[in-house]
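Structure first, then comments.
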Amino acid sequence: MSKDTELAVEESGEGQENLRLWKSVDKTPPNMTKLVSYGKRKYTTIDPQWQLRVATALWGPYGDRWGMRNLEYRFIDIHDRDDKRTFMTSSVVLKAEFFYPSNGKEVSFEILNDDKWTSGDDTLKKLITNTRSKALSMLGFSADVFLGKFDDAKYVQTLKALYDDQDAFVSTIATAIRTAKDLDALSKCRERLEEIVGDGTLEDIAVAQELKELIIKRKRELTVKA
């Protein structure tokens, strides 16, 4: 498929609908990433708790309507050698089913991952976390990291400025919500929030959800006072 054809598909009505989830989660706040060096290799890792937070904002608590289930582990012994000796190493393979809600129904797919087994190093815990991240990446979560965009300093700088601006927006709106004197003022806050979420000014789904919950809380407080 050529680049032009690919863009045409993405820009079609069906393409936009199919990419709705992807485009809502494909950007990663730079402060939720870390540059890791492994020998000569350098790569960007993503904070797994931030990923959990975003998915929870979308679908609810982990394990309810989304998550991994039917986990199966298989340990494999591997004979290896260096210049002086032959030795054995072990790896562990995880096979799981990832599930999540989509268009009113449950969708699931199989996910496989493996890691070198090291006793006492929380290998299984790390493997589960990494496998969950891989599954989420298939849906577009942090696609900018997996596409290598974080190797571009200009992209990271632009993204940082975007999230800095969003932080200022969020602080202003949160203050307006907390200090709303009546339901009319609170309604204007909700309309403003819907506006900046709709036009993409506020990219962070988890933060948007937190602001919505703050509006609900303030509404309860104003209702009680009335």
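The values are calculated or read from the model by the stated rules, or taken from the named source; none is laboratory data. Predicted model, so just to flag it, every value in this text is computed and none were measured. Backbone-built Cβ (ideal geometry, glycine too); neighbour counts: all protein chains shown. Accessible surface areas use protein heavy atoms only, side chains included; no ligands, DNA or RNA. Shrake-Rupley method; radii C 1.70, N 1.55, O 1.52, S 1.80 Å.
Just grab the label-to-label distance for residue 107 and residue 172, each label 7 Å out from Cα along the Cβ direction, in nm (one decimal).
3.5
So which residue, out of 148, 198, 13, gets the largest mean-square fluctuation from a GNM of the chain using Cα contacts under 10 Å as springs?
So, out of 148, 198, 13, the one fluctuating most is 13.
In Å, the Kirkwood hydrodynamic radius of the stretch 81-226 over pairs of distinct alpha carbons?
Answer for the stretch 81-226: a Kirkwood hydrodynamic radius of 19.7 Å.
If R₀ is 25 angstrom, what is the calculated FRET efficiency for the pair residue 38 and residue 69, using the beta carbon separation as r and rounding to 0.05?
Efficiency, from the Cβ-Cβ distance: 0.20.
Springs between alpha-carbon atoms under 10 Å, Gaussian network over the chain: tell me which of 103, 70, 130 tops the mean-square fluctuations.
Highest fluctuation among the options: 103.
Any chance you could look up the accessible area of residue 50 with a 1.4 Å probe, heavy atoms only, rounded to 10 Å²?
Here the residue's solvent-accessible area equals roughly 20 Å².
So, taking all protein chains as they sit and a 1.4 Å probe, how much accessible area belongs to residue 77, in Å² rounded to tens?
100
Multiplying the sequence separation of residue 130 and residue 183 by 0.36 nm and subtracting their Cα-Cα distance, what value in nm do you get?
Length gained between residue 130 and residue 183: 14.6 nm.
Could you check the simple spin-label distance between residue 165 and residue 21, using points 7 Å along Cα→Cβ, in nm with one decimal?
Once both label points are built, they end up 2.9 nm from each other.
Which entries of 23/116; 40/126; 42/95 show an alpha-carbon separation above 24 angstrom in the structure shown?
In this structure, 23/116; 42/95 lie more than 24 Å apart at Cα.
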